[in-house]
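The values are calculated or read from the model by the stated rules, or taken from the named source; none is laboratory data. Note that this is a predicted model, so its numbers are computed, not measured. Note that we place each Cβ from the backbone using ideal geometry, even for glycine, and neighbour counts take in every protein chain shown.
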């Protein structure tokens with residue numbers, strides 16, 4: 001199968017299963033891992049997910065520029081786990097049509113969870 005077709009298939013798998021699919025897919029074979037591990041693939045999956053939960057035509061250009069943004073992978077200061085660090089905006093697990101919520105602030109930047117934030121001495 002050509003890479004372009006395989007990318008489309010794997011993108012559909014990620015969008016139907018969410019972020020957890022990245023690990024499962026990457027364990028199948030090196031070719032799959034290389035495809036889903038590519039930053040361009042992750043960016044396309046993220047924006048495809050965002051487009052599935054938000055009708056951007058309902059919002060101003062400024063709103064879209066502020067909230068239709070990509071995430072980064074960061075290491076938690078407390079437990080050293082890698083986590084999806086999202087700027088303020090729409091949050092979810094990457095599953096098509098499933099939205100966890102809209103957050104205007106990041107309550108515990110640089111931490112994977114509220115628990116890690118509190119363990120490190122942070123105050124809520």
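Quick rundown of the values:
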quantity	calculated
All positions within the stretch 48-59 that are exposed (fewer than 15 other Cβ atoms within 10 Å of the Cβ) and within 13 Å of residue 90 (Cα to Cα)	51, 55, 56
Tally, over the stretch 92-104, of residues that are on the phi < 0 side of the Ramachandran plot and surrounded by fewer than 16 Cβ atoms within 10 Å (Cβ to Cβ)	7
Qualifying positions in the stretch 64-80 - touching a helix residue (DSSP H, G or I) at 6+ places or on another chain (Cβ under 7 Å) and part of a loop (DSSP other than H, G, I, E, B)	68, 70, 71, 76, 78, 79
Residue within the stretch 30-37 that is at pLDDT below 95, more than 19 Å from residue 14 (Cβ to Cβ) and either in contact with a strand residue (DSSP E or B) (Cβ under 8 Å, 6 or more places away or on another chain) or not in a loop (DSSP other than H, G, I, E, B) (or both) present	no
Count of residues meeting criterion [touching a residue at least 24 places away in the same chain (Cβ under 8 Å) and surrounded by fewer than 16 Cβ atoms within 10 Å (Cβ to Cβ)] in the stretch 60-73	1
Evaluation of residue 85 against (1) surrounded by 13 or more Cβ atoms within 10 Å (Cβ to Cβ); (2) touching a strand residue (DSSP E or B) at 6+ places or on another chain (Cβ under 9 Å); (3) closer than 22 Å to residue 10 by Cβ (one fails), failing number	(3)
Of all residues making up the stretch 11-20, the number that are assigned to a helix (DSSP H, G or I) and touching a residue at least 24 places away in the same chain (Cβ under 8 Å)	5
Neighbours by Cβ (under 8 Å, 6+ apart or cross-chain): first from the stretch 108-119, modelled with pLDDT under 85; second crowded, with 19+ Cβ neighbours inside 10 Å	108/116; 108/117
Every residue from the stretch 107-124 that is surrounded by fewer than 14 Cβ atoms within 10 Å (Cβ to Cβ) and closer than 17 Å to residue 85 by Cβ	107, 109, 114, 115
